[in-house]
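The structure appears right after this line, and notes come after that.
The values are calculated or read from the model by the stated rules, or taken from the named source; none is laboratory data. This structure is a prediction, so every number in the text was calculated from the model and none was measured. We place every Cβ from the backbone using ideal geometry, glycine too, and count neighbours over all the protein chains shown. Heavy atoms of the whole protein, side chains included, go into the accessibility calculation; ligands, DNA and RNA do not. Shrake-Rupley method; radii C 1.70, N 1.55, O 1.52, S 1.80 Å.
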Amino acid sequence: MTRLAAFLMCSVLATPGLAQELRATGDMGVVVERATGSVLIVDQSDHAALARVEGFGDLSHASLVFSPDERFAYVFGRDGGLTKLDLLTQKIVGRVVQAGNSIGGAISDDGKLVAVANYAPGGVNIFDADTLEQVAAIPAGGKALGLEDAPGRRFVFSVWDTGETRIVDMSGAEPKVTTLTDIGAEPYDALITDDGRTYIAGLFGEDGLSAIDLWDETPTARRILPHYGRGQQEMPVYKMPHLEGWAKAGDQIVLPAIHHHEVLWIDARTLEETGRTQTHGQPVFAMARPGGRQVWVNFAHPDNDTVQVIDSMTHQIVGEMVPGPAVLHMEFTARGTEAWVSVRDENKVVIYDTTTLKPIGEIAAESPSGIFFTARAHRMGL
């Protein structure tokens, strides 16, 4: 290298505004600001917002997934928008409005494909993760939801209108779709266990749930908890509960109960019920702290100012906090030392120490909802 070239390089690196700060992605996360179509990029260690990025469309029911290298977030908007966000440059690098009404998405186990579940016109669209070019369209004959990634470059989703679950294998040149019928009435959401073996669909239209063993050569649906709620008066549902893979605590699966003020405990091996915990209100998220010892639960309106903590060994409530009105989501740091809680109606995210259950930080945000940390890039079903 010549002296002139070396001088010019040093000058560029030393010039403020031209040099880009080096930053690792493992400490970063994204907070959805649902009312303004924007997101906050946050730093976990500093308990701080790094940047606000706008232009994501309707985020009233938004979720996202991360690329395997943790650099990119794929944001799924309610308006059918699929938006690719670069966490390092803090800019949108791709966006496509691929449907009229969407309800979440997933990324394949190899990180090459991103799938979006659609209410209108229905079905699942699949895109190249690099370019956002569409590579497949999977019709469904109704509202597609409960979309999860599964091992072997597969996606699994259910159809509200038809009571079906579809397994989409994208490992070959063309999609291979397996349709399982008679899943149950109105499957509304689903989870997949962290080993990628069991897909569980919740049923809105009848008691119980359906489970599918994805390791089976010819998967079939098995009804579980068929008598749950039988003979009990159902309560109005103010917000649909969510089933997700983070609700596996050790050798148990914990699920928010629909129509009732309780969570259900299921043996992850036998899929038999092992207990119930009465809760403050109708649970929306039942989320296991990493390690599985605690489960944190938030609730639907009008009880949505409260979070309860349940011991997964005793199934007893061991803590209760009141972060503020409209707690919409919770997220744990990778090793579970902190829980971040979004409080929509007070425009803030409250950070708790998960040992003491005391608040240790706060970040201002515009109507925050979903909180997502980059550690999700390495976990299935998120």
Answer from Ala221, Ala173 - the residue that is surrounded by 18 or more Cβ atoms within 10 Å (Cβ to Cβ) and out of contact with any helix residue (DSSP H, G or I) (no Cβ under 9 Å at 6 or more places or on another chain): Ala221
Qualifying residue in the stretch 191-200 (condition: part of a loop (DSSP other than H, G, I, E, B), more than 21 Å from Ile107 (Cβ to Cβ) and open to solvent by less than 70 Å² (accessible area, probe 1.4 Å)): no
Residue, least open to solvent (accessible area, probe 1.4 Å), within the stretch 287-304, restricted to residues that are closer than 16 Å to Val327 by Cβ and in a loop (DSSP other than H, G, I, E, B): Ala300
Any hit, the stretch 320-341, residues being of a type in the set (Lys, Arg) and crowded, with 18+ Cβ neighbours inside 10 Å: no
Conditions (1) within 27 Å of Gln282 (Cβ to Cβ); (2) under 15 Å from the mean Cα position of the chain (by Cα): number failed by Ala377: (1)
Checking Leu271 against (1) open to solvent by 10 Å² or more (accessible area, probe 1.4 Å); (2) in contact with a Ser or Thr (Cβ under 6 Å, 6 or more places away or on another chain), the condition it does not meet: (2)
Candidate set from the stretch 146-173 (those that are assigned to a loop (DSSP other than H, G, I, E, B) and small (Gly, Ala, Ser)); member that is farthest from Leu203 (Cα to Cα): Ala173
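For the stretch 26-35, what are the residues that are part of a loop (DSSP other than H, G, I, E, B) and either within 15 Å of Thr83 (Cα to Cα) or in contact with a Phe, Trp or Tyr (Cβ under 7 Å, 6 or more places away or on another chain) (or both)?
Here is the first cut: in the stretch 26-35, the ones part of a loop (DSSP other than H, G, I, E, B) are 26-27, 34-35.
Across the stretch 26-35, the qualifying residue is only Arg34.
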Filtered residues of the stretch 337-382 (kept if in contact (Cβ under 8 Å) with a residue 60 or more places away in the chain and in a loop (DSSP other than H, G, I, E, B)): Thr354, Ala365, Glu366, Ser367, Arg379, Met380, Gly381, Leu382
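Against the definition (under 19 Å from the mean Cα position of the chain (by Cα) and at positive phi), how does Gly196 come out, yes or no?
When the stated conditions are applied, Gly196 passes them.
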Long-range neighbours under 6 Å by Cβ, at least six apart or interchain, first residue among the basic types (Lys, Arg) within the stretch 23-44, second buried (at least 23 other Cβ atoms within 10 Å of the Cβ): Arg34/Leu59
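Is there a residue in the stretch 113-122 that is under 24 Å from Ala35 (Cα atoms) and in contact with a helix residue (DSSP H, G or I) (Cβ under 9 Å, 6 or more places away or on another chain)?
Residues of the stretch 113-122 that are under 24 Å from Ala35 (Cα atoms), as a first pass: 116-120.
Add one more test, that the residue is in contact with a helix residue (DSSP H, G or I) (Cβ under 9 Å, 6 or more places away or on another chain), and what stays is none.
No, the stretch 113-122 has no match at all.
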